[in-house]
1. Can you say whether residue B:29 is away from every other protein chain (no Cβ under 14 Å) and more than 21 Å from residue A:20 (Cβ to Cβ), as far as the supplied structure shows?
2. Give A:81, A:42 a once-over and let me know the one that is within 7 Å of another protein chain (Cβ to nearest Cβ) and surrounded by fewer than 23 Cβ atoms within 10 Å (Cβ to Cβ).
3. Residues in segment B:309-318: is at least one in contact (Cβ under 8 Å) with a residue 12 or more places away in the chain and either in the same structural domain as residue B:400 (by TED's automatic domain parsing) or not in a helix (DSSP H, G or I) (or both)?
4. Given the conditions (1) under 29 Å from residue A:81 (Cβ atoms); (2) surrounded by fewer than 24 Cβ atoms within 10 Å (Cβ to Cβ); (3) assigned by TED's automatic domain parsing to the domain that holds residue A:433, and given that residue A:332 satisfies all but one, which numbered condition is not satisfied?
5. All but one of (1) in contact (Cβ under 8 Å) with a residue 40 or more places away in the chain; (2) touching a helix residue (DSSP H, G or I) at 6+ places or on another chain (Cβ under 6 Å); (3) part of a loop (DSSP other than H, G, I, E, B) hold for residue A:348; state the number of the condition that does not hold.
6. Could you check, for segment B:96-113, whether at least one of its residues is without any contact (Cβ under 8 Å) to a residue 24 or more places away in the chain and out of contact with any helix residue (DSSP H, G or I) (no Cβ under 8 Å at 6 or more places or on another chain)?
7. When the residues of segment A:55-70 are narrowed to those that are more than 23 Å from residue B:49 (Cβ to Cβ) and part of a loop (DSSP other than H, G, I, E, B), which ends up nearest to the other protein chains (Cβ to nearest Cβ)?
């Protein structure tokens, strides 16, 4: 195993860690368990011990590594610039390789093949798959089934998925390929619509397009774009991620675009990773490397892009008390912390209140909330407690996975809170639309 | 005292070994989830921020209540095994090293804030609370917890209590002992005692003061009553740029001599500035010999006067320019640069070794000249960042650990610098503690009778020496102590 790890991981990256421990309290799993084995410093120590042949990759060691959310909070905390993601991702690829040689490839389970790889990356398949759920929700059958305990007949992971499902929007027609700019044209941008996001949160993509248009952007939505490949990359099947990446390279006319806009933090982070994927998987193919780097270089989170462009002042009043949750893949992976807050500050009468531990993972972490149910629930509860303590009526979350997770926690708590993408709030303000009915009472002072 | 190897070894005579019995007793207290005893889970506990000496404990326990700590300590006594408390493991001196193995009592699951009382200005907290989490909880109240070690984002209150932590703002506000008014302690024999309390002036012997800084050798802190400090109404943060290190140290002396007590007074030399600039692009002048980061705080009417005086004094000492932080964001960034300085060193050199010495403030120019000279003599590059206001120096020796001869020279240079600190009337640690790292200096630092009094005190409070053995004070022929020769300096490459 040691040699396999050394094949994948650049050993010098281990040496960047000086073992100071400043990352520990930035790690959600360490905050919850207090166990050094579940801290970034501890995990680096474990990975290095395996690489050095000092420890075998036992099930116990594997457990501690699996429990890592990939939130990269430790990278923000680390003063030495340790690139933890560049350690754990290749280490996972090595473990994956080892497992498949031993004929124990988890990625061949029904869950991975059928759902994670077979369904999530494809918005159309997702829409079809979710249609029954949407009808059940409309007819109230889901609550009936819950009451009758019918869902207990589902496998555990499907049951969790069912519980995570938000009220599903009506299926919408695909966005037009080109949307024109309002007023003077200031930029021409591509819109990356994502997979799960487009199936479950299609209104967010539409709001993003409208906000971009309102800011003078012509928006191009290539219909041949596909999933970013994050689900595959983070679970150690990088080859498929590369296939998706190359399809996206073909879909977006990079040279003719000022930027490619992403409104899902996880997707944006992965597109930026395309340059690492290029390094790792296209060593022999400089053309592919250049193309992937070019695409990665154009990627901008919508808030980052708007703040760079200079946003048009929205005018619609939204007298709400809101709090902003930092999605890990925005704040840690892309270092975007202020821009979404600055944009929200533009909305007349919106009061933004601080959220304790705003940059600690909510437990969604891609498919983590399906594969590591227990820790995901603990982190959701932690996030919920902090949200409730903030006294906000609206929780702003710029990542589809976080939104699902936070919405589910809020639904369970029975509190009338609204979880929404910041861009949708901005969109309401640009369009002078009121907030949803249930929020139009004055917030209680807190 | 037996080492725990006897308990972790399997039964040899077909009966259940004492070790296995003891583990079962522990399991009954903390549950499966609160205990680690597999070799591959103990490994990460073999060192803290000090990585030269290593020893894994035989079992790690995560108690959640004082009562659990009591039961654990009593069992350790019953089975005659050593135990050591641990917080976040950020000690730079091996304070959490389980010398001789034994039981590690990790306090990270006791992290609640039990009470915040703003009117009486105190908070009662559990030991595993992260230092900055207390300040975070106080945000918006107008109060904060003053001790702010550079590791405050991760280190725990109990670790601060054990090492009597300082930080940049200790110059004006004092160290941990000035901010802890009471403690709940589980003694090495398993009794719960209350030291001090919430009121400031108390008639009894100041046992709280005795406990703070005892590096875990007098027992395990399970609760702390800490003082809350009013946020300053205003502050001014300045950056003085000097041609030479000597000019900067003269400015420090001039400022203090003028009767000004800055909230913080930090010096960074050219090497550090270079690393910080690479990491944070603050716009530090790369050609300056040294910069001083100076902060004054207090009432709005006073700070401007003080700031003006400081600017004048810096100019008189030869400062090329004095900049002011113009916004809270700029101030924050300046502080971030300072607090993450050690980490940024990774950008200068593959390995480094930080020392933590103290000299009387007026001897700063002398020790810095000595450090420069020492670097030249040994052919080692040394850069400096330190709490100038209280004479606490942190020379950082840069090297490549793959070069063995250089590594030995670094070790030699470190020792010479610390010896020089003692010679100048200072000490070998300002805030990192003695731990296991600097045990050998204690006899150089103190006379025989001084060490004897401290040893007697420890013998009274920790009679069998089971609690945190081989820390702080040298223990002649202590059971369970292992002589670990120091073979290399440096904090790089921890394994």
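The values are calculated or read from the model by the stated rules, or taken from the named source; none is laboratory data. Since the structure is predicted, the reported quantities are computational estimates derived from the model, not experimental observations. Glycine gets a Cβ as well: all are built from the backbone with ideal geometry, and neighbour counts include every protein chain shown.
1. Taking the combined requirement at face value, the residue satisfies it.
2. A:81
3. Yes, because at least one residue in segment B:309-318 is in contact (Cβ under 8 Å) with a residue 12 or more places away in the chain and either in the same structural domain as residue B:400 (by TED's automatic domain parsing) or not in a helix (DSSP H, G or I) (or both).
4. (2)
5. Against the list (1) in contact (Cβ under 8 Å) with a residue 40 or more places away in the chain; (2) touching a helix residue (DSSP H, G or I) at 6+ places or on another chain (Cβ under 6 Å); (3) part of a loop (DSSP other than H, G, I, E, B), residue A:348 comes up short only on (2).
6. yes
7. A:58
So that you can scan it fast, the table gives a plain yes or no per residue for (1) closer than 22 Å to residue B:344 by Cβ; (2) modelled with pLDDT under 85:
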residue	(1), (2)
B:409	no, no
B:413	yes, no
B:422	no, no
B:428	no, no
B:446	no, no
B:453	no, no
B:494	yes, yes
